[in-house]
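The values are calculated or read from the model by the stated rules, or taken from the named source; none is laboratory data. It should be emphasised that the depicted structure is a prediction, and the values quoted were computed from it without experimental measurement. Glycine also receives a Cβ, built like all others from the backbone with ideal geometry; neighbour counts cover every protein chain displayed. When the accessible area is computed, the model is the full protein with side chains, heavy atoms only, and any ligands, DNA or RNA have been set aside. Shrake-Rupley method; radii C 1.70, N 1.55, O 1.52, S 1.80 Å.
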Amino acid sequence: QQKARRDNHPFLLAEARHGHGNMQADLQTALEQVLDSNQLNMCYQPKVDLRSRRVVSVEALVRWPTEHALAVATNILIDTAERCGLIEMLTMRVFNQVLAQQVAWKNAGMEMLVWVNLSAHLLSHEQLPKILSRALDIWGIPAAAIGLEITESALINDIEHTTDLLFELKDLGFHLSIDDFGTGYSSLAYLRRFPIDELKIDRMFIHGMTESIQDKQIVQSIIGLAHNFGLPVVAEGVEQENTLDALEQMGCDQIQGYLFAKPMPGEALIDWCHNFHLTR
Ligand code: C2E
Ligand code: MG
Ligand code: MG
Ligand code: MG
């Protein structure tokens, strides 16, 4: 049984990558069903501030329903949604689940900034700011309680349009983050131009830090660059104490990673926050 579980996953990954017709169709059908029946799960992963030693926000990460026969990794889930024209629907499902969760946390006495990932495909969607605002109104949550994480590579497709869109989202009150920074070859001029609130260093560089001097230097450069622009820096994918120490010495502002917490269900977060102490 364990073998079956282990094999299931790489098989799906390989088939989806190589564009096997049936597998693609099966994935699409399964995703349509999951969206129709509103079965997506959400997990939340804390971002910890190194100066105040507190949880300052969480990132919402979507999960395929655990009870479902297929075991689809989140990357495949997102790829499928983008390929099949379902990403807008998926994003709205995610957004509404996040807002419902915020209402539940609020009722339990906890206020928490939640970062939501936005797919590159949505940046060309004219109605995006309007659709997001409408959902906020329905749930009675202010835009300032939401951050939007946008991957660096998504931003450089159509700079003029992207700049306008970011300003529109910023004016509405959303926090904005550039995700997976360091992988998208954006020029420094854009950083100055975009109304963003933080940079998130891609976890590839964070993992590389333990072995590679070059990766360490890249991380150090990104932190310096961000600080020159007055932007705080988040490191994602921190798994080891020595990586945390190195990042702290480099002046990194916030940390996210398995070292502190894996993504967890919304109900688990309140207790986790109460029990969290960064004791160093
Ligand atoms: P991302 O936004 O860069 O998210 C970070 C990924 O790193 C997440 O993978 C997270 O679970 C994982 N991670 C966090 N800490 C660690 C660590 O210490 N070690 C390791 N090895 N991994 C860590 P996940 O949840 O599988 O998500 C993958 C990607 O899928 C995300 O990358 C994001 O681009 C996308 N995604 C996730 N949820 C959504 C969503 O609701 N909407 C959209 N459009 N994209 C999403
Ligand atoms: Mg992200
Ligand atoms: Mg990221
Ligand atoms: Mg990443």
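Residue order by solvent-accessible surface for Y190, Y185 is Y185, Y190, largest first, with ligands and nucleic acids left out and a 1.4 Å probe. For D215, the solvent-accessible surface with a 1.4 Å probe is about 30 Å², rounded to the nearest 10. Extension gain, T163 to R53: 0.36 nm times the residue separation minus the Cα-Cα distance gives 36.3 nm.
Within the chain, which DSSP H helices have Cα atoms that stretch 27 Å or more along the helix axis and a mean Kyte-Doolittle hydropathy of at least -1.0?
87-107
Rounded to two decimals, the Cα radius of gyration of the chain over 2.2 N^0.38 Å is 1.01.
Would you work out which of I270, T210, L165 lies farthest towards the positive end of the dipole of the chain, given +1 charges on the beta-carbon of Lys and Arg and -1 on that of Asp and Glu, about the Cα centre? Selected residue: I270. When the accessible area of region 43-149 is computed with all protein chains present and a 1.4 Å probe, what percentage of it is carbon and sulfur? For region 43-149, the apolar C and S fraction of the accessible surface comes to 53 percent. Take the Cα of E32, step 7 Å along the line toward its Cβ, and report every residue of region 60-99 whose backbone nitrogen sits under 14 Å from that point. 81, 84-87, by backbone N distance to the label point.
Got a sec? Which residues in region 97-131 would a label at I270 touch, if it sits 7 Å along Cα→Cβ and we count backbone N under 19 Å? Counting only backbone N, you get 97-114. Calculated mean residue ellipticity, 222 nm, the chain: -15500 deg cm²/dmol, from DSSP H runs (n ≥ 4) at -39500 (n - 2.57) each, averaged per residue and rounded to 500.
Modelled spin-label separation between R134 and L70, with each label point placed 7 Å from Cα along the Cα-to-Cβ direction: 2.8 nm.
Based on protein heavy atoms only, region 49-189 ends up with 45 Å² per residue of surface accessible to a 1.4 Å probe.
Think of a 1.4 Å ball rolled over the protein heavy atoms: region 199-280 then has 51 Å² of accessible area per residue.
Run the dipole for region 43-178 about the Cα centre, Lys and Arg Cβ at +1, Asp and Glu Cβ at -1, nothing else charged, and hand back the magnitude in debye, nearest 20. If you can, show how the numbers build up before the last one.
Details: 11 positive and 16 negative charges, 132 e Å.
Roughly 640 debye for region 43-178.
Quick one: grab the alpha carbon gyration tensor of region 124-280, order the square roots of its eigenvalues as a ≥ b ≥ c, and give me rounded if a/c is under 1.5, else prolate or oblate depending on whether a/b is larger than b/c. Oblate, since a/c reaches 1.5 and b/c is not below a/b. Using the Cβ-Cβ distance between A104 and E241 with R0 = 51 Å, the FRET efficiency computed as 1/(1 + (r/R0)^6) comes to roughly 0.95.
Dipole check for the chain: with +1 at the C-beta of Lys and Arg, -1 at the C-beta of Asp and Glu, and the Cα centre as origin, the magnitude is about 480 Debye.
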